[in-house]
Amino acid sequence: MAAAMIIPLYATSSAQVANLLAELRQDGGVAALSRVLSLVIQCDAASIETSIQAANQASVEHPCRVVVLTSEEPAAPASMDAQIRVGSDAGASEVIVLRLRGAPGGHLDAVVTPLLLPDAPVFVWWPGERPAKPANDPLGRLASRRITDAAAFDQRAAAPTQRRAQLELLASGYTSGDSDLGWTRLTPWRSQLAAAVQFGTPGLIRSATVTGPSFSGCELMAVWLAWRLGVPVRRELTDGDFLTAVEFHLSGGRRILLDKELDEAQARLRLTGQADKPVALGRRSRAEVLGEELRHLEPDDFYGRLVTEGIPAYLACGALT
């Protein structure tokens, strides 16, 4: 791995940052790996390092140029400080950190455009607060893929009106190319449940129960089951931090239960009349789910149908009244 290098630039411009990146490649062969995409991250100052860490880990599979933007002190005189990180400080990427003050903070698209890789897909990730409609955001308009994380701004509240509002935001703000890490985190659960239904269902599914906190990832699990199975889905709210169980109630009093209980890494698949089966179902890191999203250059059409068809149908049936 190339030696770590962090180069600060003060009171700089996007053009100066781009010129220095070109010089680094010509003079020292820095960032010689082929970059497959540009990943733009908009976050607050407190989230810069954790967001870069997740992007660096994801970049092992997806070498990219990472541009991190944060706006500070909107009333201050216009200025921009930057960092260029290459080598071991940037994973398989090259990382550009831009701290904007004053007027440039209102023109993030103009600031970032000179730093995007030519002829490469652009992903934009909001690890914290998201725009109401990401595709209408100035950065979102630059991107073919827009990634949000509902878990980062979910309010832990059991009130049906607040849980309903979280789902309505995902549905009303959706444009093709959007995705949310709250849904991506459910991939292992969905795979296990689909296999259990396909190979182990001893009767018709009459209803289902989803157990977990009021975060939208758990709500999306309930939406998915109601939409795909066409059965009532009940939610049991917990005080934990993650989805803990999904149960299918079958005809004849039988059941299928995928249950994590208190073990975050191991789950049990329980089918009536059969021995319990251990299932590896550990919690996925933010880097893992971000990496999964970066694999998909095309829009996630299934997620689009889930939020535009599944959520309205779920809410219309009175599940959150």
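Of the chymotrypsin sites (Phe, Trp or Tyr not before Pro) found in region 160-210, none is in coil by DSSP with at most 12 other Cβ atoms within 10 Å of its Cβ. The string of couplings for region 217-233 from the Karplus curve (6.51, -1.76, 1.60, θ = phi - 60°) is x, 5, 5, 5, 4, 5, 4, 4, 5, 4, 5, 7, 8, x, 10, x, 10 Hz, one whole number per residue in order, with x for Gly and Pro.
Annotation for R234 and L117: the two label points, set 7 Å from Cα along the Cα-Cβ direction, are 5.0 nm apart.
With contacts taken as Cα pairs under 8 Å and at least 6 residues apart, region 184-286 reaches a relative contact order of 23 percent. Axis of helix 14-28 versus longest Cα principal axis of the chain: the two differ by about 80°, to the nearest ten degrees.
Peptide packing for 143-151, 103-111 was compared via the average number of neighbouring C-beta atoms within 10 Å per residue; ordered from the highest value, the list is 143-151, 103-111. When each of M5, M221, M80 is scored by the number of other beta-carbon atoms lying within 10 Å, the sequence from fewest to most is M5, M80, M221.
Each of C218, C43, C317 was scored by other Cβ atoms within 10 Å of its Cβ. Listed from fewest to most, they are C317, C43, C218.
The phi torsions of region 94-104, fed into the Karplus equation with coefficients 6.51, -1.76 and 1.60 and a -60° offset, translate into couplings of 10, 10, 10, 10, 10, 10, 9, 10, x, 4, x Hz, rounded to whole numbers, with Gly and Pro shown as x. Computed on the Cα trace of region 41-129, the radius of gyration divided by the Kirkwood hydrodynamic radius gives Rg/Rh = 0.96. Ordering 271-281, 231-241, 251-261, 49-59 by mean Cβ neighbour count within 10 Å, with the highest value first, yields 49-59, 251-261, 231-241, 271-281.
Short-range pairs are left out: with C-alpha atoms under 8 Å and at least six residues apart, the relative contact order of the chain is 16 percent.
A short reminder: the numbers here are calculations on the coordinates, not readings from a lab. It should be emphasised that the depicted structure is a prediction, and the values quoted were computed from it without experimental measurement. Neighbour counts run over all protein chains shown; Cβ positions are idealised from the backbone, glycine included.
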